[in-house]
Amino acid sequence: MTFRFGKWCLAYFAVFAMAITPAEAASRIKDVASVQSGRENQLIGYGLVVGLQGTGDSLRSSPFTAQSLRAMLQNLGISTQDDESRAKNIAAVLVTANLPPFASAGSRIDVTVGSLGDSTSLRGGTLVMTSLSGADGQIYAVAQGSVVVTGFNAQGDAASVTQGVTTSGRVPNGAIIERELPAKFKDAFNLVLQLRNPDFSTAVGMAAAINRYSKAQFGGNIAQAQDSQTVVIDKPKMADLSRLMADIENLVIETDVPARVVINERTGTIVIGQDVRINKVAVSYGTLTVQVSETPTVVQPEPFSRGETAIEPNTTIDAAQDGGTVAILDGSNLRSLVAGLNSIGVKPDGIISILQGIKTAGALQAELVLQ
């Protein structure tokens, strides 16, 4: 058997985000920011999925499913007193959805369902009418429809195969919106834009671009950056808010991001930002391989003796040090940094260790993010 220190025995890959343009990139405002009043709202509800082929909850192990079944039947006018059902074609589920901004009553949205009991699969089931409530306790939508499950499982007496997740699924266009949000877009006196990646440089640049547009259209400034994430736009008196937002969201601005290195140690993924810099540093990397071999020897006793056959252990240990190359890294830009790391001839796991060591030494001028 062989032990390796410094390498992972799994498939891995490296991704280097290398920009060939300057650090700033041109983007539309609609791609980097969203309207505060136009955010989504989360909905949640509790329901039942029926029509399962023996893959539902066992009512004895999931008492809440049995209670929900009795309550539903009673609401339909069916008496269930002293009825101990052992049906396996029903499952209790949690239903979630996102209420889109400016959604109107009568429009449809997708919902996601997930099993709460010991159901093994929701494939082929139908979600019974379920009310979806917001954080304020008000009902905003009602969901019902066939559950679409992408995973599957097959089981026999001695083996089983499972692919994907069979205890959760989606109901496309399964919920009808019954109540609109109280706030109206055109009732607002101003617009509040929130950056998806907060940054002071981007926020100030966005406000400047909007003010250049407003000077040409309305003769004055209307935007102000409040912080690294928020830009407030005052509505001109004679402007239509919807048309104003349509014009502003298509303005092109220069976006900026901080220097950052993102590492996923599980998959071996490395993403290095354009502005990452490394001070001059010497790096050595090598792989230590230890091989342990077991060759036991059988020892026989002498003829006509009272001895017993025995096994004598014999262990051989070989240690080898590979690599050990010393390289000088001076990452004045991303291209030279990647070239310096590749010159050592190490794989992604080695580069991850090197980057962590450089950060500890204080030579990595960037934020190191571990996932």
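The values are calculated or read from the model by the stated rules, or taken from the named source; none is laboratory data. These numbers come from a predicted model, not from an experiment. A quick note on method: Cβ atoms are made from the backbone with ideal geometry, for glycine too, and the neighbour counts reach across all protein chains shown. Each accessible area value is taken on the protein alone, full model and side chains, heavy atoms only, with ligands, DNA and RNA left out. Shrake-Rupley method; radii C 1.70, N 1.55, O 1.52, S 1.80 Å.
Scanning the stretch 229-260 for residues that are in a strand (DSSP E or B) and open to solvent by less than 50 Å² (accessible area, probe 1.4 Å) yields T230, V231, V232, I233, I253, T255. Of the residues making up the stretch 95-116, just one is open to solvent by 70 Å² or more (accessible area, probe 1.4 Å), touching a Leu at 6+ places or on another chain (Cβ under 9 Å) and assigned to a strand (DSSP E or B), namely N98.
The number of residues in the stretch 30-84 being out of contact with any helix residue (DSSP H, G or I) (no Cβ under 8 Å at 6 or more places or on another chain), closer than 30 Å to D199 by Cα, not in a helix (DSSP H, G or I) and not basic (K, R) comes to 4.
When residues in the stretch 42-58 are screened for being open to solvent by 20 Å² or more (accessible area, probe 1.4 Å) and touching an Asp or Glu at 6+ places or on another chain (Cβ under 9 Å), 1 of them pass. Within the stretch 222-272, if we keep just the residues that are among the polar types (S, T, N, Q) and out of contact with any strand residue (DSSP E or B) (no Cβ under 9 Å at 6 or more places or on another chain), the residue that is farthest from F189 (Cα to Cα) turns out to be T267. Out of the stretch 117-130, which residues are surrounded by fewer than 18 Cβ atoms within 10 Å (Cβ to Cβ) and touching an Asp or Glu at 6+ places or on another chain (Cβ under 9 Å)? Matches in the stretch 117-130: D118 only. Scanning the stretch 117-152 for residues that are under 22 Å from S61 (Cβ atoms), aliphatic (A, V, I, L, M) and within 27 Å of the chain's Cα centre (by Cα) returns L122, L127, V147, V149. Does G124 satisfy the criteria of being in a loop (DSSP other than H, G, I, E, B) and within 22 Å of Q67 (Cβ to Cβ)? In short, no.
For I263, the criteria (1) in a strand (DSSP E or B); (2) modelled with pLDDT under 80; (3) in contact with a Leu (Cβ under 7 Å, 6 or more places away or on another chain) hold in every case but one, which is (2).
Total residues in the stretch 54-65 satisfying the condition of being hydrophobic (A, V, I, L, M, F, W, C) and either in contact with a Phe, Trp or Tyr (Cβ under 8 Å, 6 or more places away or on another chain) or at pLDDT below 85 (or both): the figure is 1. Taking the criterion of being under 18 Å from G205 (Cα atoms) and among the aliphatic types (A, V, I, L, M), the residues of the stretch 242-278 that qualify are M245, I248, L251, V252, I253, V257.
Filtered by the rule that a residue be open to solvent by 60 Å² or more (accessible area, probe 1.4 Å) and hydrophobic (A, V, I, L, M, F, W, C), the stretch 131-155 gives A135, I139, V148, F152. Only one entry of S160, S119, S168, S115 meets the criterion of being at pLDDT below 90, under 14 Å from A92 (Cα atoms) and in contact with a strand residue (DSSP E or B) (Cβ under 7 Å, 6 or more places away or on another chain), and that entry is S119. Among all positions in the stretch 20-28, there is at least one residue which is at pLDDT below 85, part of a strand (DSSP E or B) and either open to solvent by 30 Å² or more (accessible area, probe 1.4 Å) or of a type in the set (V, I, T) (or both).
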